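Below is one structure, written out as structure tokens; comments come after it.
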Amino acid sequence: MLVKEINREAEEKMKKALEAMHREFTEINTGRANPNLVEGLRVECYDSFMVLKQLASISVPDAHMIHIQPWDPSVIPDIEKAILKSNLGVNPANDGKMIRVSLPQLSKDRRQELSKIVKKMAEEGKISLRTIRRDAKEAIDKLEKDKQIPEDEKFRGHDALQKVVDSYIVKVDQVLETKEKELAEF
């Protein structure tokens, strides 16, 4: 029971790591407008930092435009500042009530650069999975060392853990492949 508990906790951590990587991928500009590109931006206003989606409604009227309509028009300059500081590489325009973010077509060089960034992010995701595996393996080894489980159960736990890690690495590769297709196609 102890080994299964350790493996279950490790799988939960791996699931969270995959979700975090997926969230980071949604913030990569593929040339197509997506509210996820800006909704997580941290905006400094009201003497603190707030997430953009808490300050405004975000809509996508077409494939190359994002509309940001703040509930309080006085924060428009703060939102513009946050967009300019972000790594989106876009210039916001406002009319006093709404901010328009136009996403230009990505050049071939920029697509290749983004592809490298995405691959690096995927590798970091795999590293975090391996770190989780290492920690769980050490916990299982400690159980065996403390004579709480027999040696054969330790090896079964390691095998089960490795199967879970392998399945999550395949999922990371699938997410990476999907994002690379997005970058290449649009």
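General remarks:
- Test: residue in the stretch 76-89 that is touching a residue at least 60 places away in the same chain (Cβ under 8 Å) and either out of contact with any Phe, Trp or Tyr (no Cβ under 9 Å at 6 or more places or on another chain) or closer than 23 Å to residue 24 by Cβ (or both): yes
- The stretch 13-27, subset closer than 17 Å to residue 166 by Cβ and of a type outside the set (A, V, I, L, M), residue farthest from the chain's Cα centre (by Cα): 13
Condition check ((1) more than 27 Å from residue 112 (Cα to Cα); (2) not polar (S, T, N, Q)) across all residues:
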| position | (1), (2) |
| --- | --- |
| 11 | yes, yes |
| 16 | yes, yes |
| 34 | no, no |
| 40 | no, yes |
| 48 | yes, no |
| 52 | yes, yes |
| 70 | yes, yes |
| 78 | yes, yes |
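- Filter result for residue 163 (assigned to a helix (DSSP H, G or I) and either open to solvent by 60 Å² or more (accessible area, probe 1.4 Å) or at pLDDT below 90 (or both)): yes
- The sole residue among 177, 124, 138, 151 that is under 22 Å from residue 18 (Cβ atoms), touching a helix residue (DSSP H, G or I) at 6+ places or on another chain (Cβ under 8 Å) and open to solvent by 70 Å² or more (accessible area, probe 1.4 Å) is 124.
The values are calculated or read from the model by the stated rules, or taken from the named source; none is laboratory data. Because the structure is a prediction, the values reported are computed rather than measured. No Cβ is skipped: glycine too gets one built from the backbone with ideal geometry, and neighbour counts run over all protein chains shown. Quick note on the areas: whole protein, heavy atoms, side chains included, nothing else; ligands and nucleic acids left out. Shrake-Rupley method; radii C 1.70, N 1.55, O 1.52, S 1.80 Å.
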